[in-house]
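Here the structure comes first, spelled out in structure tokens, and everything after it is commentary.
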Amino acid sequence: MCSNSSANLTRRSIVRAAIVIIAQQGLDALTAGRLIEQASVSKGGLYHHFRTMAAVETEVLELLTQTVLQEVKSSEQPASTEAFFDLVEGQLFKCFSVDNLSIKALFGFLSASAHNKERQLIIRRFMDEIALIRLEQLKRVSPHLSHMELNAVVQAIASLQVGLVARYFLAEDLVSLRNYWACCRKTVVVMLEKCERRSRASLQQNEAVGQLTNAE
């Protein structure tokens with residue numbers, strides 16, 4: 001009988017092999033036969049750890065999304081709004097410019113999840129968690145903005161991320177992706193600056209009213 005450590009090693013090997021297949025050939029290429037060959041396991045060994053190929057896909061997708069989330073969560077808190085956008089830009093373009101099998105595999109899931117509810121739920125949860133992290137980071141550098149204003153900026157960034165991924169799938173080169181991001185970043189920065197000006201004006205108005213009330 002296999003020890004727990006040996007069984008865990010085999011399971012991790014299967015998951016790693018699945019990531020390689022998806023990253024290099026796409027999600028449709030992930031079959032039991034290819035996975036058995038790539039992971040160097042028997043058919044019995046594969047189905048001992050995973051009852052179905054759908055179970056393999058779910059575990060791989062959960063691992064990929066949690067790995068990215070952990071990287072985003074562990075990033076240093078930006079000290080300014082400019083640093084915040086620099087951080088977002090760096091994290092985004094790491095996905096496009098680094099030869100990373102995990103990111104490629106995650107893109108493989110994104111491109112093949114239009115009709116799979118379970119994958120859609122995992123990906124939506126992943127995107128929502130990323131948005132929450134961005135919201136907290138932005139709140140710390142723009143504490144005077146309302147939750148609605150902060151959320152509007154974060155959702156705009158989320159939309160830009162989707163646009164970048166769509167353009168990536170259309171085989172746009174890295175220079176084109178950077179130009180697209182640069183233009184969109186300016187738009188979001190202007191949006192944020194307008195929110196900040198409104199917030200400052202409102203605060204000044206409230207302070208002036210308070211001073212008049214106290215003087216009376």
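Here are the numbers for this structure:
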read-out: Residue identified as more than 21 Å from the chain's Cα centre (by Cα), surrounded by 12 or more Cβ atoms within 10 Å (Cβ to Cβ) and not assigned by TED's automatic domain parsing to the domain that holds Phe107 among Ala23, Ala18, Ala7; value: Ala7
read-out: In region 151-189, the residues that are without any contact (Cβ under 8 Å) to a residue 40 or more places away in the chain, assigned to a helix (DSSP H, G or I) and over 15 Å from the mean Cα position of the chain (by Cα); value: Asn151, Arg167, Val175, Ser176, Asn179, Tyr180, Ala182, Cys183, Cys184, Lys186, Thr187
read-out: All positions within region 75-101 that are of a type outside the set (Lys, Arg), assigned to a helix (DSSP H, G or I) and modelled with pLDDT under 90; value: Cys95, Phe96, Ser97, Leu101
read-out: Top-ranked residue in region 148-198 [being over 19 Å from Phe96 (Cβ atoms) and among the acidic types (Asp, Glu); ranked as surrounded by the most Cβ atoms within 10 Å (Cβ to Cβ)]; value: Glu149
read-out: Count of residues meeting criterion [touching a residue at least 60 places away in the same chain (Cβ under 8 Å) and either part of a loop (DSSP other than H, G, I, E, B) or in contact with a Cys (Cβ under 7 Å, 6 or more places away or on another chain) (or both)] in region 104-127; value: 1
read-out: Criterion: farther than 15 Å from Ala23 by Cα, in the same structural domain as Ser176 (by TED's automatic domain parsing), out of contact with any Pro (no Cβ under 7 Å at 6 or more places or on another chain) and buried (at least 18 other Cβ atoms within 10 Å of the Cβ) - qualifying residue of Phe85, Phe109, Phe93; value: Phe85
read-out: Qualifying positions in region 1-45 - farther than 25 Å from Asn100 by Cβ and at pLDDT below 95; value: Met1, Cys2, Ser3, Asn4, Ser5, Ser6, Ala7, Ser42, Lys43, Gly44, Gly45
read-out: Flag if Arg124 is surrounded by 15 or more Cβ atoms within 10 Å (Cβ to Cβ) and basic (Lys, Arg); value: no
read-out: Residue satisfying all of: in region 50-80; of a type outside the set (A, V, I, L, M) and crowded, with 18+ Cβ neighbours inside 10 Å; nearest to Leu132 (Cα to Cα) among these; value: Thr65
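The values are calculated or read from the model by the stated rules, or taken from the named source; none is laboratory data. What you see is a predicted model, and the numbers here were worked out from it, not measured in a lab. In this analysis, Cβ positions are derived from the backbone assuming ideal geometry, glycine residues included, and neighbour counts consider all displayed protein chains.
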